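Each value in this text was obtained by applying a stated rule to the coordinates, not by laboratory testing. All values reported here derive from a predicted model rather than from experimental measurement. Please note: Cβ atoms are built from the backbone with ideal geometry, for glycine as well, and neighbour counts cover all protein chains shown.
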Amino acid sequence: MKLNRRIFMGTSAAAMASLSSPAVLADGHGKPRVVVIGGGAGGATVAKYLAKDSKGEIDVTLVEPTRTYFTCFFSNLYLGGFKDIDDLGHTYGTLAAKYGINVVHDWAVDVDRDSKTVTLAGGSKLPYDKMVLSPGIDFVDGAVEGWSVAAQNAMPHAYKGGSQTELLKAQVMAMPEGGTFAMVAPPNPYRCPPGPYERISMVAHVLKANNPTAKIIVADPKDKFSKQALFQEGWANHYAGMVDWIGSDFGGGNVSVDPNAMTVTIDGEETKVDACNVIPAMKAGRIAELAGVTDGNWAPVNAADMSTKADADVYVLGDASQQGDMPKSGFSANSQAKVCANAVRGALTGSKVFPAKFSNTCWSLIDTDDGVKVGATYEATDEKIAKVDGFISATGEDSATRKATYEESEGWYAGITADMFG
Ligand SMILES: Cc1cc2nc3c(=O)[nH]c(=O)nc-3n(C[C@H](O)[C@H](O)[C@H](O)COP(=O)(O)OP(=O)(O)OC[C@H]3O[C@@H](n4cnc5c(N)ncnc54)[C@H](O)[C@@H]3O)c2cc1C
């Protein structure tokens with residue numbers, strides 16, 4: 001891009017940073033350089049806190065391919081008709097303009113840990129002193145027989161935010177009267193333990209209003225799932241006779257799909273379906289594997305600072321990490337990011353490092369104003385992030401409590417997205 005004097009004069013230092021080569025900028029200032037890969041719940045948060053708290057002492061570069069990040073959190077509420085897709089989209093302008101983060105919209109395609117450089121798809125190389133990876137998840141190849149990423153338009157996973165969620169909603173809305181929706185649920189561990197079951201609730205909610213004779217079948221390789229008693233109570237109360245959950249005891253793990261024929265075969269029994277949500281087994285986002293910090297699936301980390309067991313200068317946050325007891329959630333990733341930012345800043349500038357403390361709450365909506373939650377606090381031990389204490393909504397709660405729980409989740413969504421991007 002050619003800059004004339006008028007544009008240069010009217011361009012803030014932060015915006016200039018996002019136009020400059022980060023290597024030149026960092027070398028010019030002689031500051032420590034942190035490269036963050038992935039601008040989601042973990043990455044956006046760690047970039048912001050590093051830049052904000054170091055007050056310009058650290059050069060922070062955030063690499064993220066998409067210009068608008070669509071949250072997976074609340075994407076089920078979009079499926080249920082409680083949110084618009086635009087409510088879920090967030091951009092990176094404030095991170096650049098307010099905190100001086102060098103936001104680079106590109107894919108990281110390689111990491112050389114010996115020379116401490118990240119290669120981008122566009123060809124540039126970013127040197128780092130510390131690197132933080134928060135790339136989220138990818139799917140395990142061949143995890144569901146008959147399904148591959150090439151079939152994700154016929155049978156969407158909708159487990160990464162944005163267009164996949166819109167596609168799944170369109171397919172649910174296009175189901176014929178009395179049609180069948182199928183979900184293939186994932187094995188543990190996976191992103192957002194209550195996510196598939198909140199999704200079932202939200203699909204049931206729209207079908208009840210638009211297509212009340214439709215059926216939902218869930219093939220599940222697990223014999224139990226997060227907030228199971230709460231969801232099953234809610235399905236019986238709100239969507240009686242609609243949801244058929246087939247756990248591992250009944251062959252739910254013995255499943256194959258045919259995306260061309262639109263069939264799902266569970267324990268030998270083939271069913272023709274009208275919409276099918278396949279959520280395969282997961283592993284860390286591929287760049288973590290390319291960086292050589294995974295065990296083949298997830299990246300083992302030290303609980304005190306989220307540094308990897310493989311390399312003390314490489315940190316992994318959020319879903320991609322294998323950290324112990326925390327569920328893979330946006331709340332967890334955000335919580336881990338703050339611990340990591342504090343530790344990285346301490347390591348690079350000598351600032352005070354506080355003992356690691358973490359927390360998480362996962363809210364789910366079952367029907368209008370019927371919200372439930374599960375959560376816990378955690379501490380760092382030598383082995384892992386270890387649960388300290390927890391709580392969960394009770395079955396049979398009154399409607400005022402459930403409504404208050406839902407309203408709390410609205411407050412959380414506004415809070416976490418402001419914390420990540422504001
Ligand atoms: C249906 C559903 C509902 C959910 N509901 C909740 C909820 O209510 N509460 C909650 O706390 N959590 C919820 N989650 C989970 C939450 O979305 C994730 O746990 C959280 O986003 C994880 O944060 P992350 O930083 O690890 O990954 P992400 O937020 O997915 O961010 C990863 C980012 O990395 C980028 N990236 C990947 N590879 C590269 C690369 N090579 N180069 C550059 N960038 C890259 C991606 O584009 C992406 O923006 C839900 C998830 C789903 C699917």
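Points to keep in mind about this one:
- Viscosity 1.306 mPa s, temperature 10 °C, Stokes-Einstein D of region 233-274 from Kirkwood C-alpha radius, µm²/s: 136 µm²/s
- Mean separation of Cα contacts under 8 Å (6+ apart) over length of region 88-199, as relative contact order %: 9 percent
- If you take all other residues with their beta carbon under 12 Å from the beta carbon of ALA320, and give Lys and Arg +1 and Asp and Glu -1, the sum is 0.
- Rounded tilt (10° steps) of 195-210 against the dominant C-alpha axis of the chain: 50 degrees
- Overall form of region 175-238 per C-alpha gyration tensor (a/c, 1.5; a/b vs b/c): prolate
- In region 260-403, Cα pairs under 8 Å separated by at least six residues give a relative contact order of 16 percent.
- The alpha carbon centroids of region 222-252 and region 49-91 are separated by 32 Å.
- Beta bridges from DSSP with both residues in region 150-280: antiparallel share about 40 percent, rounded to the nearest 5.
- By average C-beta atoms within 10 angstrom, highest first, the peptides 241-250, 320-329: 320-329, 241-250
- Take every DSSP beta bridge whose two residues both sit in the chain; close to 55 percent of them are antiparallel.
- Between 0 and 90°, nearest 10: helix 163-173 axis offset from the chain longest Cα axis: 20 degrees
- Over the chain, DSSP H runs of length four or greater, each weighted -39,500 (n - 2.57), average out per residue to a 222 nm ellipticity of -9500 deg cm²/dmol.
- In degrees, nearest ten, helix 330-349 long axis to first principal axis of the chain (Cα): 10 degrees
- For the chain, the Kirkwood estimate of hydrodynamic radius, built from reciprocal distances between every pair of different alpha carbons, is 22.4 Å.
- Antiparallel bridge percentage (DSSP; both residues within region 44-123; nearest 5): 70 percent
- Gyration tensor verdict on region 150-280 (Cα atoms; rounded if a/c is under 1.5, prolate if a/b is larger than b/c, oblate otherwise): rounded
- Cut-off 11 Å between beta-carbons: net charge of the residues surrounding LEU230, Lys and Arg +1, Asp and Glu -1: -1
- Above-threshold pairs, the threshold being 20 Å between Cα atoms, out of LYS224/LYS328; LYS83/LYS160; LYS169/LYS222; LYS48/LYS98; LYS222/LYS384; LYS283/LYS309: LYS169/LYS222; LYS222/LYS384
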